[in-house]
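The values are calculated or read from the model by the stated rules, or taken from the named source; none is laboratory data. It should be emphasised that the depicted structure is a prediction, and the values quoted were computed from it without experimental measurement. Reconstructed Cβ throughout: ideal geometry from the backbone, glycine too, with neighbour counts over all protein chains shown.
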Amino acid sequence: MPDSTRLAHDAVHPFPPHVGERLARGLGQLGLDADLKTPLLAYVSLLTRWNKAYNLTAVRDPRDMVNVHLLDSLAALPHARGPRILDVGTGPGLPGIPLALTRPDWQFVLLDSGIKKTRFLRQVVMELGLGNVEVVHSRVENYRPDQGFDTVMSRAFSATGTFTRVAGHLCGPGGQLLAMKGRDADNDPEGLPAGWSVVATHSLRVPGLSAVRHLVEIKKDS
């Protein structure tokens, strides 16, 4: 985890106390370390600052970012398998940055075709000292790493079938795809390409959000 003393001095915007309290409460409900609050707020501070010029997210209020972005991303953690994680269409780093802060022992690649988003993410990696994160500017169809991933995930990237078709080649042996979805699970097996199956659809309860989120787990047929 990054040095919280440096983060507190350099990166964390002086949010009203209730923002940190909301995050601390949510971390407790997810069973996560309260010490994550400082680096996660540092990330929200950077996102808030850059969002004014780069329009990285439609969510503007840091209070809403806590639930809609941070805790929503972290709710998927129990279903991710490391140590190699790929976040496809990561946008401003969701779910990749919150997960990378939580699991410094895993290696994360954050992939996006937007130059403004990847520029922002490289700044996040530098300022938060994230040695376990690599930012890649590429379309997913064109990305050909030397090694596959244990988990390839996306958050509102595309329809599940499309996600499987364009990102399935990035799974390593025994790897899984995780598609984060909203109220509509979008888990129709008829939409998947041949050789792939939905093995589970998980309902996620995100602290502070009334709406149910879903996580669709997809694997290649053995």
#### Entry: Filtered residues of the stretch 71-106 (kept if under 8 Å from the mean Cα position of the chain (by Cα) and either surrounded by fewer than 24 Cβ atoms within 10 Å (Cβ to Cβ) or of a type outside the set (D, E) (or both))
S73, L74, T90, G93, L94, P95, G96, I97, P98, L99
#### Entry: Neighbours by Cβ (under 6 Å, 6+ apart or cross-chain): first from the stretch 177-198, without any contact (Cβ under 8 Å) to a residue 40 or more places away in the chain; second surrounded by 18 or more Cβ atoms within 10 Å (Cβ to Cβ) and assigned to a loop (DSSP other than H, G, I, E, B)
V198/N187
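Okay, residues lined up against (1) closer than 16 Å to G96 by Cα; (2) in contact with a Ser or Thr (Cβ under 8 Å, 6 or more places away or on another chain); (3) crowded, with 21+ Cβ neighbours inside 10 Å:
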| site | (1), (2), (3) |
| --- | --- |
| S113 | yes, yes, no |
| K116 | no, no, no |
| N142 | no, no, no |
| F163 | no, yes, yes |
| G168 | no, no, no |
| C171 | no, no, yes |
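So that you can scan it fast, the table gives a plain yes or no per residue for (1) of a type in the set (F, W, Y); (2) farther than 26 Å from P189 by Cα; (3) assigned to a helix (DSSP H, G or I):
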position: V136; (1), (2), (3): no, yes, no
position: E141; (1), (2), (3): no, no, yes
position: Q147; (1), (2), (3): no, yes, no
position: T151; (1), (2), (3): no, no, no
position: S154; (1), (2), (3): no, no, no
position: T164; (1), (2), (3): no, no, yes
position: A167; (1), (2), (3): no, no, yes
position: G172; (1), (2), (3): no, no, no
### Task
Please determine, by comparing only the residues of the stretch 127-140 that are among the aliphatic types (A, V, I, L, M) and either out of contact with any Pro (no Cβ under 9 Å at 6 or more places or on another chain) or under 14 Å from P83 (Cβ atoms) (or both), which one is surrounded by the most Cβ atoms within 10 Å (Cβ to Cβ).
V133
### Hits in the stretch 98-119 (condition: within 16 Å of D33 (Cβ to Cβ), out of contact with any Pro (no Cβ under 6 Å at 6 or more places or on another chain) and either free of Cβ contacts under 8 Å to residues at least 12 places away in the same chain or of a type in the set (A, V, I, L, M) (or both))
L99, A100
### Task
Go through (1) part of a strand (DSSP E or B); (2) of a type in the set (A, V, I, L, M); (3) surrounded by 20 or more Cβ atoms within 10 Å (Cβ to Cβ) and name the single condition V124 misses.
(1)
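Residue-wise test of (1) at pLDDT 95 or above; (2) buried (at least 17 other Cβ atoms within 10 Å of the Cβ).
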position	(1), (2)
D3	no, no
L7	no, yes
F15	no, yes
G26	yes, yes
M65	yes, yes
### Task
Quick one: which residue in V109, V59 is within 15 Å of the chain's Cα centre (by Cα) and either part of a loop (DSSP other than H, G, I, E, B) or not acidic (D, E) (or both)?
V109
### Task
With respect to R60, determine if the residue is of a type in the set (K, R) and under 17 Å from A179 (Cβ atoms).
no
### Task
For the stretch 15-44, name all the residues that are within 17 Å of the chain's Cα centre (by Cα) and of a type in the set (S, T, Y).
Y43
### Task
Select, from A179, A156, A211, the only residue that is more than 20 Å from G96 (Cβ to Cβ) and either surrounded by 12 or more Cβ atoms within 10 Å (Cβ to Cβ) or of a type in the set (A, V, I, L, M) (or both).
A211
### Message
For the condition over 27 Å from G31 (Cα atoms), in contact (Cβ under 8 Å) with a residue 60 or more places away in the chain and either among the β-branched types (V, I, T) or assigned to a loop (DSSP other than H, G, I, E, B) (or both), what is the one hit in S158, S222?
### Response
S158
### Task
For L130, state whether it is modelled with pLDDT of 95 or more, part of a loop (DSSP other than H, G, I, E, B) and under 27 Å from P17 (Cα atoms).
yes
